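One structure below.
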Amino acid sequence: ADLASFRDSASGVYLPVVCTEGASGITRLAQRTVLVKRFIDVWGSGATLAELQQQLRAHTSGRWAPHLAEEVSFKIVVDAFRQ
């Protein structure tokens, strides 16, 4: 792949997208990686807020159920790239 296509022009950081078969794939990759600072689980993306909301509703509904119980609290952190 062309590394220039993964470069965030604002910060000069490379942001490659890696698809794996769940957390075990990321764990194996992390064990073999030297210069990676973090892995980010991307739940959705879109050119507009409506597109992002549609993707989130369609692909992450099963992930929300454990967090919606009344006795559970949680925090959501949103990182935006290429603003």
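Convert each backbone phi in the stretch 24-29 into a coupling constant with the Karplus relation 6.51 cos²θ - 1.76 cosθ + 1.60 (shift: θ = phi - 60°), then list the ³J(HN,Hα) values in order as whole Hz, x for Gly and Pro.
Once θ is set to phi - 60°, the couplings for the stretch 24-29 become 5, x, 5, 4, 5, 5 Hz.
For the stretch 32-48, take each phi angle, set θ = phi - 60°, evaluate the Karplus expression 6.51 cos²θ - 1.76 cosθ + 1.60, and give the result in whole Hz per residue in order, putting x for glycine and proline.
Ordered by residue, 3J(HN,Hα) equals 9, 10, 9, 9, 7, 8, 7, 10, 10, 8, 8, 8, x, 7, x, 6, 10 Hz.
What FRET efficiency comes out for the pair SER24/LYS75, r = Cβ-Cβ distance, R0 = 30 Å, nearest 0.05?
Efficiency, from the Cβ-Cβ distance: 0.75.
List the residues whose amide H sits under 5 Å from the amide H of TYR14, counting only those 5 or more places along or on another chain, with H placed 1.01 Å from N in the peptide plane.
Those lying under 5 Å, H to H, from TYR14 are ASP8.
Only the coordinates and a few stated rules stand behind these numbers; no lab work does. The model shown is predicted, which means the values in this text are computed figures rather than measured ones. Backbone-built Cβ (ideal geometry, glycine too); neighbour counts: all protein chains shown.
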